[in-house]
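A quick write-up on the structure given underneath.
The values are calculated or read from the model by the stated rules, or taken from the named source; none is laboratory data. Just so it is clear, the model here is predicted, and its values are computed rather than measured. For neighbour counting, all protein chains shown are included, and Cβ atoms are generated from backbone atoms with ideal geometry for every residue, glycine included. Heavy atoms of the whole protein, side chains included, go into the accessibility calculation; ligands, DNA and RNA do not. Shrake-Rupley method; radii C 1.70, N 1.55, O 1.52, S 1.80 Å.
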Amino acid sequence: MKKKLALLCSCLFISMSIFAGTLNPLTISSKNEQLYKGYKTYSGNVVMHICRGTEVKIASAHIQSEEHETIYQGDVAVTFPFTNEKNQFVVITSDKVTVRKEQDNSITLLANSMKVHYESKQN
């Protein structure tokens, strides 16, 4: 009985991990996180990792290119699809974001603080 239960739990965990990996193209770490109605704020060494193959659009008032990274400052807005559905996407806003393209073609965003919310386009 214990073996069957352990096997069932293992299968459930694996299927949840696979399911979550296909839907969520990002991971976020920070010192502080607060949930508000409709969005989350992150502050304190915010690191967002966006999976490779995700099309990211970035707009800001000022752009500064460095050798291995690009710094966006002034009303920074980052958007990209949240799922395979064309109508769901992530919107990130911040005062300053540093963008690094990693060797595996993924993207890392670094900021002191950022606001993240999820939107749906109406057809």
_At 1.4 Å probe size, with the rest of the protein present, what percent of the exposed accessible area of segment 21-110 is carbon and sulfur atoms?_
46
_Ordering of 74-83, 88-97 by burial proxy (mean other Cβ atoms within 10 Å per residue, highest first)_ = 88-97, 74-83
_Size of segment 26-108 as Cα extents on the principal axes (Å, biggest first)_ = 38, 28, 23
*asked:* Full-extension gain between residue 54 and residue 40, please, as 0.36 nm times their residue separation minus the C-alpha to C-alpha distance.
replied: 2.9 nm
*For residue 115 and residue 67, FRET efficiency with R0 = 35 Å and r from the beta-carbon atoms, rounded to 0.05?*
0.75
*How far, in nm, would the chain grow between residue 47 and residue 32 when pulled straight, counting 0.36 nm per residue and subtracting the alpha carbon separation?*
4.2 nm
*Along segment 90-106, what does the Karplus equation 6.51 cos²θ - 1.76 cosθ + 1.60 (θ = phi - 60°) give for ³J(HN,Hα), rounded to whole Hz, x for Gly and Pro?*
9, 10, 10, 10, 6, 7, 8, 9, 9, 10, 10, 8, 7, 4, 8, 6, 7
